[in-house]
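The values are calculated or read from the model by the stated rules, or taken from the named source; none is laboratory data. Because the structure is a prediction, the values reported are computed rather than measured. Positions of Cβ are generated from backbone atoms using ideal geometry, with glycine treated the same way; all protein chains shown enter the neighbour counts.
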Amino acid sequence: MSTGGKPRVLLMHPFLDPGPAILAEAAEVIPYPAGRPLDEASIRQAAEGCVGIVSQLMDPIRETVLSTPGLKVVSNVAVGFDNIDVAAATAHKVMVTNTPGVLDDATSDFAFTLLMATARRIVEADHFLRQGKFKGWAIDMMLGADVFGATLGLVGIGRIGRGVAHRAKGFNMRVLYYDPHPLPPDAEQQLGATRADLGRLLAESDFVSVHVPLTPETQHMLSTPQFEQMKRSAILINTSRGPVIDEAALVQALTAKKILGAGLDVYEREPAVHPGLVSMPNVVLAPHIASATTRTRSEMSAMAARNMATAARGGRPPNLVNPEVKK
Ligand code: GLV
């Protein structure tokens, strides 16, 4: 039943102001029942009678959910939408929206944070000190890798890859990028970025940072053969999606010292993290927080709410990832 004639929208998880107020103006908001598991059958059941679902990246929104009668739109509070089967959504004429752009700076900042933290062993150093092991300055204590002037390889040069390249300029880094879509020459020049094939990028980079969406083509794009191509002194950074990297192969490469270290924000089976990674001091691990600044998460919430509100009112939401559904 809807009250006041407003369409019903399932809100999978609480989100941040001003999202709730924007959503409540356009829809009757149905919170996902507390404690209910996040599986497709449960989500389908909760979505019965709703025109929309406001989802987050841990919600599996696939055929079972997308075939719910009357469902018109799924608004993901994320730029990535690999948790949603877009082909199935399109087949069922369900619009899918995301939150591009507003998280580029926070995510680029965080990729650089991981790069610096891993290169200069800051987490390890912090633990060392807190454990009372700092007994005085020593010339060989906590030696790390140089960042200024080093070579950075960007796997993917979309908005976030470009944001990282921009930051790298301040560190006088040589920037290589691999992407099937080359940047226009003026953008390459402005960013000081040179296109390379993946093999060259891996062979020449001191830092490799991943900025591709998760698709069937990018799944396990970095695995044993790619780690073999990297420098033994290289550090791998991932703020995109976990399954782009073969996590078991990464553990093997780190164990065999094929590469020096890794800074990771995302994992293959979140929230699980390969136990091999957890025990390695040369790996910096964050719990998928690259976009987690107060302002960015609030802007993501507002954008997702506006996408949903527009669709619930019968309009064409601005950030439609399957535009063929709504001409
Ligand atoms: C976060 O990972 C996002 O896709 O927004």
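Worth a mention:
- Check on Pro180, more than 21 Å from the chain's Cα centre (by Cα) and exposed (fewer than 12 other Cβ atoms within 10 Å of the Cβ): no
- Residue-level check: of (1) part of a loop (DSSP other than H, G, I, E, B); (2) free of Cβ contacts under 8 Å to residues at least 60 places away in the same chain; (3) hydroxyl-bearing (Ser, Thr, Tyr), Ser42 misses just (1).
- Restricted to region 53-155, the set of helices (runs of 4 or more DSSP H) holding at least 2 residues that are under 19 Å from the mean Cα position of the chain (by Cα) comprises 104-119.
- Some residue of region 176-199 being closer than 30 Å to Asn83 by Cα, of a type in the set (Val, Ile, Thr) and at pLDDT 95 or above: no
- Within region 64-89, if we keep just the residues that are β-branched (Val, Ile, Thr) and within 17 Å of Ala312 (Cα to Cα), the residue that is farthest from the ligand (Cβ to nearest atom) turns out to be Thr68.
- Comparison of Ser279, Ser240, Ser223, Ser298 shows that the only residue that is of a type in the set (Ser, Thr, Tyr) and touching a helix residue (DSSP H, G or I) at 6+ places or on another chain (Cβ under 7 Å) is Ser223.
- Condition met for Ala187 (over 18 Å from the mean Cα position of the chain (by Cα) and either of a type outside the set (Lys, Arg) or under 24 Å from Arg120 (Cα atoms) (or both)): yes
- Residue match in region 262-271 (condition: among the hydrophobic types (A, V, I, L, M, F, W, C), surrounded by fewer than 16 Cβ atoms within 10 Å (Cβ to Cβ) and outside the structural domain of Val96 (by TED's automatic domain parsing)): no
- Tally of residues being closer than 23 Å to Phe112 by Cβ and assigned to a loop (DSSP other than H, G, I, E, B) across region 269-302: 13
- Tally, over region 28-41, of residues that are closer than 22 Å to Ile84 by Cα, surrounded by 14 or more Cβ atoms within 10 Å (Cβ to Cβ) and of a type outside the set (Ser, Thr, Tyr): 4
- Scanning region 128-147 for residues that are closer than 25 Å to Ala234 by Cβ, without any contact (Cβ under 8 Å) to a residue 24 or more places away in the chain and surrounded by 10 or more Cβ atoms within 10 Å (Cβ to Cβ) turns up Phe128, Met141, Met142.
- Residue among Val29, Val94, Val102, Val54 that alone is within 16 Å of the ligand (Cβ to nearest atom) and in contact with a strand residue (DSSP E or B) (Cβ under 8 Å, 6 or more places away or on another chain): Val54
- Candidates in region 283-296 are the residues that are crowded, with 16+ Cβ neighbours inside 10 Å and polar (S, T, N, Q); of these, the one that is nearest to Met58 (Cα to Cα) is Ser291.
- Residue match in region 249-268 (condition: farther than 18 Å from Phe227 by Cβ and either assigned to a helix (DSSP H, G or I) or of a type in the set (Gly, Ala, Ser) (or both)): no
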